[in-house]
Amino acid sequence: MADVHIVGAGPAGAISALSAIHHGHQVVISEDHPVSGLPENCSGLFSIDGLGSLKQFVDFKPTIINPIYGANIHINDTILSVRTQTPVAHVCNRSHLDVLLAQNAETEGAKINYGERIQGNFHANNIIGADGPLSHVARHFNFPKIKKFAATLQADLPFRCEDPRVVELFLSNQKFPGFFAWTIPHNEEKAEFGVGVEVPSRAQEAWKNLLKLKKIEAAVKPSGASIPLETRSKTAKSVSGKNIFLVGDAAGQVKSTTGGGVIFGGNCAALLGKHISNPGGYELEWRLKYGTDLALHSLFHNYLANQSDASLSALGRRLKKLNIDVYLSKNGHMDRPTKMVGPNLMAHLLKSILGV
Ligand SMILES: Cc1cc2nc3c(=O)[nH]c(=O)nc-3n(C[C@H](O)[C@H](O)[C@H](O)COP(=O)(O)OP(=O)(O)OC[C@H]3O[C@@H](n4cnc5c(N)ncnc54)[C@H](O)[C@@H]3O)c2cc1C
């Protein structure tokens, strides 16, 4: 008889299941969809460090589509080119990753009920809401709301990529209000195109802007999804003898600069298993380990989202003058801004300002 009921078999649900099993629990997972990994609403871009941090749960190598060596960050009309000698990230097949994670959870003893939508019918006294950005578990147990979301549209399109090793990011609050647009190459002939806008702006307009910017026409209809742009202010509690936890997008454990949530959500899920009888312990540990980085992402996002395009251009020029692209090429970290700020950055800024 399961003592842990997980709602959602995405990466956060499957990793929570593995973590709970490793701590001696019996787990049942309810997944709304009939299979894992579909529909796929994700670019599948993960830092190599981040994938490494989850390697005890999944062998990600079979899911790799394309190694990534940097990014062109278009800050309105200024381009910061960040390049590395070795790959910093992989574009992965996200559906395949979800399938592997779910299979691993089943192999280790989790029971997954596919096609079971949970609407209050919980199966155990320890409940994990890994049910994505619009979490039913969070609503059912009256957790504080997430108020900021990005609406996204994405599609894989035939596209001759100038450099298939480099992603392109486009910041313009006129064209992509409150978030950004991207192209993520899969190979020389194909890339994922995507746009996000902060709700209530309209993603459809932004999509047209991206196609115009890249001078292409898309025959394919893009698919849409939501991304939480802030962490929930509470993610665990005890209610009438039940321990309730939120993890992954349900908890808002997402980088609000880029919308990436698999690595942070996965890492928070990884530590959930040991706290099944102690909601406060989970809340404290994930915030101590990852709260500062997520807060910095939020700070950067809020700053960038509130600039006019003229201010973004001025910012781009200032960053370029300070050789920030050179700094990021050497010291950049896709997930953890705390690893980028500090003495190295101070030394770099001093050198750039003094011209030495
Ligand atoms: C366009 C786009 C691009 C992205 N690109 C990246 C990227 O490149 N890198 C990255 O790290 N992140 C990316 N993300 C974010 C990433 O997809 C999410 O952070 C990640 O999916 C969160 O995982 P999760 O397990 O918390 O939730 P989900 O993957 O959303 O899984 C939740 C699961 O719960 C199920 N569910 C929901 N409600 C119920 C219910 N009531 N009963 C039963 N089951 C239920 C759903 O069917 C779903 O399978 C992107 C997101 C979008 C929208």
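When segment 180-223 is filtered for residues that are of a type in the set (F, W, Y) and not in a loop (DSSP other than H, G, I, E, B), the ones remaining, listed by number, are W182, F193, W207.
Rundown of residues vs (1) touching a Phe, Trp or Tyr at 6+ places or on another chain (Cβ under 7 Å); (2) crowded, with 18+ Cβ neighbours inside 10 Å; (3) of a type in the set (D, E, K, R), yes/no style:
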residue	(1), (2), (3)
F170	yes, yes, no
T183	yes, yes, no
E192	no, yes, yes
Q204	no, no, no
W207	no, yes, no
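Take the conditions closer than 22 Å to S226 by Cβ and away from the ligand (no atom under 11 Å from the Cβ) and apply them to D156. Does it pass? Yes; evaluated as a whole, the condition is true for this residue. Here Q85 clears all of (1) out of contact with any His (no Cβ under 7 Å at 6 or more places or on another chain); (2) more than 27 Å from F176 (Cβ to Cβ); (3) surrounded by 16 or more Cβ atoms within 10 Å (Cβ to Cβ) except the condition numbered (3).
The set of residues from segment 153-179 being of a type outside the set (D, E, K, R) and either in the same structural domain as K242 (by TED's automatic domain parsing) or assigned to a loop (DSSP other than H, G, I, E, B) (or both) comprises F159, C161, P164, S172, N173, Q174, F176, P177, G178, F179. S36 meets the conditions (1) modelled with pLDDT under 95; (2) surrounded by fewer than 22 Cβ atoms within 10 Å (Cβ to Cβ); (3) farther than 30 Å from K175 by Cα in every case but one. The failed one is (2). Would segment 81-96 turn up any residue that is β-branched (V, I, T), in contact (Cβ under 8 Å) with a residue 40 or more places away in the chain and in contact with a Lys or Arg (Cβ under 9 Å, 6 or more places away or on another chain)? Within segment 81-96, one or more residues are β-branched (V, I, T), in contact (Cβ under 8 Å) with a residue 40 or more places away in the chain and in contact with a Lys or Arg (Cβ under 9 Å, 6 or more places away or on another chain).
Counting only strands (runs of 3 or more DSSP E) that sit wholly inside segment 1-82, those with at least 1 residues that are under 17 Å from L271 (Cα atoms) are 4-7, 27-31.
Every test in (1) of a type outside the set (A, V, I, L, M); (2) at negative phi; (3) part of a loop (DSSP other than H, G, I, E, B) is passed by G259 save one, and that test is (2). Candidates are the residues of segment 126-147 that are within 14 Å of the ligand (Cβ to nearest atom), assigned to a loop (DSSP other than H, G, I, E, B) and not hydroxyl-bearing (S, T, Y); the one that is surrounded by the fewest Cβ atoms within 10 Å (Cβ to Cβ) is L134. Every condition in (1) within 20 Å of F264 (Cβ to Cβ); (2) touching a Leu at 6+ places or on another chain (Cβ under 7 Å); (3) buried (at least 17 other Cβ atoms within 10 Å of the Cβ) is met by T338 except one, and the failing one is (3).
Would you be able to say whether some residue in segment 235-242 is polar (S, T, N, Q), outside any loop (DSSP other than H, G, I, E, B) and within 16 Å of the ligand (Cβ to nearest atom)? There is no residue in segment 235-242 that is polar (S, T, N, Q), outside any loop (DSSP other than H, G, I, E, B) and within 16 Å of the ligand (Cβ to nearest atom). Count of segment 301-340 residues, restricted to those that are within 18 Å of G70 (Cβ to Cβ), part of a helix (DSSP H, G or I) and among the basic types (K, R), is 3. Restricting segment 113-125 to residues that are more than 9 Å from the ligand (Cβ to nearest atom) and either of a type in the set (A, V, I, L, M, F, W, C) or surrounded by 21 or more Cβ atoms within 10 Å (Cβ to Cβ) (or both), the residue that is nearest to S226 (Cα to Cα) is F122. Screening A110 with (1) buried (at least 22 other Cβ atoms within 10 Å of the Cβ); (2) under 24 Å from the mean Cα position of the chain (by Cα); (3) touching a residue at least 40 places away in the same chain (Cβ under 8 Å) gives one miss only, at (2).
Of the residues A269, A250, A314, A305, the single one that is crowded, with 18+ Cβ neighbours inside 10 Å and over 15 Å from the mean Cα position of the chain (by Cα) is A305. When segment 290-314 is filtered for residues that are among the charged types (D, E, K, R) and within 14 Å of K255 (Cα to Cα), only D293 remains.
Evaluate segment 48-59: report whether one residue or more is within 15 Å of the ligand (Cβ to nearest atom) and free of Cβ contacts under 8 Å to residues at least 24 places away in the same chain. Within segment 48-59, one or more residues are within 15 Å of the ligand (Cβ to nearest atom) and free of Cβ contacts under 8 Å to residues at least 24 places away in the same chain.
The values are calculated or read from the model by the stated rules, or taken from the named source; none is laboratory data. Computed from a prediction, not measured in an experiment: that's the story for all the values here. Glycine gets a Cβ as well: all are built from the backbone with ideal geometry, and neighbour counts include every protein chain shown.
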